[in-house]
Structure formats: C-alpha cells, structure tokens
Amino acid sequence: MMETKLLKLIVCGILIPAVLSRNVNIEWDPKGYLLYCPCSGRFSNQVNTFLSTLLFTKQIGRTLVIPPFIQYSHMQATAGQSEYIPFDSYFDIEALHEYYPDVITMGDFLDHLAPTYWPPSERAAYCARKLADINDGKCPRTGNPHGTFWEELNIEFAKSEIWEEQMHYNVDYEPWKNLWIETYPADEHPVLALMNAPSFQPIQPNAEELHRYLKWLPDIVDEGEEFIKENIERPYIGIHLRNGADWTRTCELADGNHPRLMSSHQCMGHYSQEGVTKEVCIQSEEQVIKELEDIITKHEAKTIFIATDHVSMEDEIQDAYPDVRVVTMSPERPQVDLYILEESDHFLGNCVSAFSAYVSRSRVNAKRSVSHLGYNPAPVRDEL
C-alpha cells in the first residue's frame with residue numbers, strides 16, 4: 001500500500017498520527033476525479049474553497065478528492081512548517097453524501113486508487129494559460145503552500161495541461177460547464193489535478209448554501225460542550241475579534257470606498273455598493289465595549305465568550321461589565337472556538353473575516369441571531 005505524507009493531527013497540543021485511509025474496498029469511478037490545492041489562507045478560507053469546489057465538481061460530474069487542511073505555523077499563513085490534517089479529522093464525510101455522494105478523501109484516493117489508475121508517468125497538473133505564462137510555461141509551482149502541498153502528498157507531476165482563457169469556473173452557465181466536460185472528457189483525462197481551487201472571492205451564494213452539510217465530528221462537539229458546561233453560563237454572547245498584525249494591514253483597504261472586502265458580503269450582501277469602513281474591519285477596545293452594551297441588555301447575557309487571533313480584550317471587557325463573566329479558550333483550538341460561537345445565544349462577528357463568516361453561515365442556517373461589529377442595518381441577511 002502506498003504511504004501518503006499526510007502527517008499528524010494536533011490534539012490538545014500533542015502531535016498524534018492522523019488516520020489517513022480506511023481499510024475498505026474502493027472502486028474506480030469512470031466519471032473521473034478532481035483534485036485541488038487548498039492554497040487559500042487558513043482554515044475558514046479553506047472551507048470556503050472546499051464548498052466552492054464541491055459545487056463545481058458536482059456540476060461537471062466528477063468525484064471530488066477532498067484534500068487535507070493545511071495548518072500553518074502559528075501567526076504565519078504563508079511561511080514556516082505546516083501540518084496536513086485530513087478532512088475527516090474534523091468533519092463527517094457521510095454528511096456530505098446527502099448533497100453529493102461522489103466524494104473521497106485524499107488518503108483513500110492515494111492509497112487505494114492512485115497506484116493502479118494514476119501512475120506517476122501519467123500525472124498531469126492542470127492550470128490556466130495565465131498561470132503557466134508566469135511560471136515558465138508549466139503548471140506546478142514552487143514554495144509554500146503551492147509546491148509543498150503536493151510534495152507532502154508525494155505527488156510529482158510529469159506534465160502540464162494548460163487551458164485557455166475561455167474556460168471559467170462559473171459552471172452555473174451551461175456553455176461553460178459543457179466546455180469543461182468536452183475539453184477534459186473523463187476517458188482521456190481521468191484525474192484533473194487543479195493547481196488552484198475552482199472558487200471565487202467572495203464565495204458564491206449557491207456554494208455558501210452547502211455549509212449545511214458540514215457536520216463536526218463528535219470529538220469537536222464533545223470538547224465544545226464540555227467547555228460550555230464548565231466555563232459558560234447561559235445566555236451567552238459569542239464574539240469574534242480579528243486584530244492581528246496581518247489583519248491591521250488588510251484593514252488599511254477599508255477606507256469606505258471599496259464595496260467589497262474579503263467576506264464583507266456576510267453583513268453587506270453580495271451585491272452591495274456600500275463601502276467597507278475601518279470600524280467594520282477592525283475595532284478598538286472602546287468600540288467593542290460600547291457595541292456590547294445593548295447586546296448584553298437585549299439578551300440578558302451572563303457570559304461573553306471571546307474568540308480571537310490576537311488580542312482578546314478580555315480584561316478590558318470584564319472591567320466594563322463586572323456582572324458578566326468573560327471567558328476565552330486556552331490554548332486556542334480554532335475548530336472548537338467555531339463550535340462554541342455557533343452554539344452561543346447571540347453571535348457578534350467581524351463582517352470582513354472568513355472565520356466570522358463560517359459562524360454566520362451556520363447560524364443563518366439554524367435561524368440563530370447574528371450581528372456584526374461596526375455595522376448596524378441588517379441583523380441577518382437572507383442571501384447568506
């Protein structure tokens with residue numbers, strides 16, 4: 001059996017071997033397969049690209065090979081040592097089958113199918129002409145994550161397949177969908193290994209709808225519920241604060257003149273022409289404390305749970321509201337943070353952040369209340 005290099009899973013700060021594949025009988029699908037690199041930021045952005053790629057793959061009628069999540073070293077999204085966490089270490093694969101049954105993990109594909117049906121001499125990397133032209137006429141790229149992702153999976157490409165500019169990822173449009181199917185028929189191109197995910201920024205509304213098929217594994221749920229039971233009294237407010245150094249630089253673009261910035265559609269809508277302001281993107285202690293006042297009163301909150309990438313403002317918020325308990329998770333585990341925010345009695349998120357957008361999508365699906373720092377008009381957007 002071929003050994004893949006999906007390395008380790010981090011649980012409570014301890015590195016343990018991850019389950020890479022199951023001892024099952026997996027048959028080759030003649031409809032063909034689609035692989036992609038989830039090379040688009042941290043966990044929540046990688047979820048966005050997964051949802052978009054799941055939609056794309058179903059529309060062109062292939063089986064999706066689900067890649068591992070790339071977990072970057074702390075506070076670095078483009079450099080340093082990375083870990084590769086199998087999708088089914090966080091999410092229930094079976095839950096996806098309600099939408100589309102033709103999915104397989106990367107570990108299962110590489111261990112059970114690739115040795116027979118995708119030999120090294122036939123492994124082609126697929127990309128657009130624009131990418132190949134800036135990459136010495138070929139598709140495979142170097143560096144982290146675009147090169148190291150494939151290297152860690154022990155995948156080396158023997159050739160490049162380059163498509164011209166008339167190929168588009170928006171396969172809702174029937175002629176473009178047919179172009180993909182006709183250009184790359186499964187009998188001639190059984191494995192499409194895309195160097196970039198077939199996704200959009202921001203994520204399309206019909207891809208967002210697929211979030212309902214993401215179900216946490218029981219260990220994520222159990223850890224979140226245990227934290228809630230031991231540390232939180234309901235009703236509680238979940239708040240996400242995004243304020244790291246990289247985010248501060250991003251928010252320099254929030255000058256009120258740009259109608260769309262990253263995940264701002266979660267509060268402003270996909271087609272808004274309203275400019276994103278600095279207060280919507282990044283918040284001071286004073287702004288956060290002021291905006292919490294009405295929410296605490298409205299929901300009669302007894303606890304505030306804070307998830308953050310940098311500064312929690314825990315002490316300052318506690319001083320401002322001594323009758324409310326303020327808590328954070330330590331050490332940080334983003335997936336459990338997400339679960340606890342999903343389960344809160346009200347969520348106060350960052351309108352521009354993909355991490356907040358993950359929670360917003362989940363709560364909109366569950367018809368739970370959502371609001372966003374610095375943005376007042378709409379408590380919940382239907383088009384989420």
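The values are calculated or read from the model by the stated rules, or taken from the named source; none is laboratory data. Nothing here was measured: the structure is a model prediction, and the numbers come from that model. In this analysis, Cβ positions are derived from the backbone assuming ideal geometry, glycine residues included, and neighbour counts consider all displayed protein chains. The accessibility values were calculated without ligands, DNA or RNA, using every heavy atom of the protein model including side chains. Shrake-Rupley method; radii C 1.70, N 1.55, O 1.52, S 1.80 Å.
Relative to the Cα centre, the charge distribution of the chain, modelled as +1 at Lys and Arg Cβ and -1 at Asp and Glu Cβ, gives a dipole magnitude of about 600 debye. Distance from the Cα centroid of region 80-126 to that of region 207-263 is 26 Å (rounded to whole angstrom). Kindly express, to the nearest 10 degrees and within the range 0 to 90, the angle between helix 174-183's C-alpha long axis and the longest C-alpha principal axis of the chain. It works out to around 40 degrees.
Label reach from Phe200 (point 7 Å along Cα→C-beta): in region 36-57, amide nitrogens under 19 Å belong to 40, 45-57. Between Arg234 and Glu274, the modelled labels are 3.1 nm apart [label points 7 Å from Cα along Cα→Cβ].
Could you check how much of the accessible area of the chain is carbon and sulfur, as a whole percent, using a 1.4 Å probe?
Solvent-exposed carbon and sulfur of the chain make up 49 percent of the total.
Modelled spin labels at Lys130 and Glu209, positioned 7 Å past Cα toward Cβ, are 2.7 nm from each other.
With respect to the chain, whose longest principal axis is taken over its alpha-carbon atoms, helix 285-299 is tilted by about 80°. At an R0 of 22 angstrom, the distance between the Cβ atoms of Glu98 and Asp219 translates into a FRET efficiency of 0.55.
For a label point 7 Å from the Cα of Lys159 along Cα→C-beta, name the residues of region 109-139 whose backbone N is under 14 Å from it. The answer is 119-127, 139. A simple charge model with +1 on the Cβ of Lys and Arg, -1 on the Cβ of Asp and Glu and nothing else charged puts the dipole of region 250-369 at about 700 debye relative to its Cα centre.
Secondary structure note: in the chain, about 20% of the DSSP beta bridges are antiparallel.
You can think of it this way: the chain between Glu285 and Gln81 has 70.1 nm of extra reach, that is 0.36 nm per residue less the Cα-Cα gap.
For the chain, the longest principal axis of the Cα atoms and the long axis of helix 218-231 meet at an angle of about 10 degrees.
The slack in the chain from Ser330 to Thr116, taken as 0.36 nm per residue of separation less the alpha-carbon distance, amounts to 72.5 nm. Accessible surface area normalised per residue over region 250-340 is 50 Å², counting heavy atoms of protein chains with a 1.4 Å rolling probe.
Once fully extended, how much extra length lies between Lys138 and Lys367, figured as 0.36 nm per residue of separation less the alpha-carbon to alpha-carbon distance?
Extending this stretch completely gives an extra 77.8 nm.
In the chain, taking the dipole from charged Cβ atoms about the Cα centre, the farthest positive-side position among Gln59, Tyr173, Asn144 is held by Tyr173.
Of all aspartates and glutamates in the structure, the ones whose alpha carbon falls short of 17 Å from that of Lys298, not counting any fewer than 8 places away in one chain, are Glu233, Asp323, Asp345. Placing +1 on each Lys and Arg Cβ and -1 on each Asp and Glu Cβ, with no other charges, gives region 316-369 a dipole about its Cα centre of roughly 360 debye.
Positive-end ranking of Ser264, Ala366, Ser356 along the dipole of the chain, with charges on Cβ about the Cα centre, is headed by Ser264. For Lys215, the lysines whose Cα falls under 23 Å of its own Cα, not counting residues fewer than eight places away in the same chain, are Lys8, Lys58, Lys229, Lys367. So for region 56-212, taking the charge dipole from beta-carbon charges (+1 Lys/Arg, -1 Asp/Glu), which of Phe91, Val103, Phe200 sits furthest toward the positive end? Of the listed residues, the answer is Phe200. Report summary: the helix-based calculation at 222 nm, which adds -39500 (n - 2.57) for every DSSP H run with n ≥ 4 and divides by the residues of the chain, gives -8500 deg cm²/dmol.
Can you bin the chain into rounded, prolate or oblate? Criterion: square roots of the alpha carbon gyration tensor eigenvalues sorted a ≥ b ≥ c, rounded for a/c under 1.5, prolate for a/b above b/c, oblate for the rest. It comes out prolate by the Cα gyration axes.
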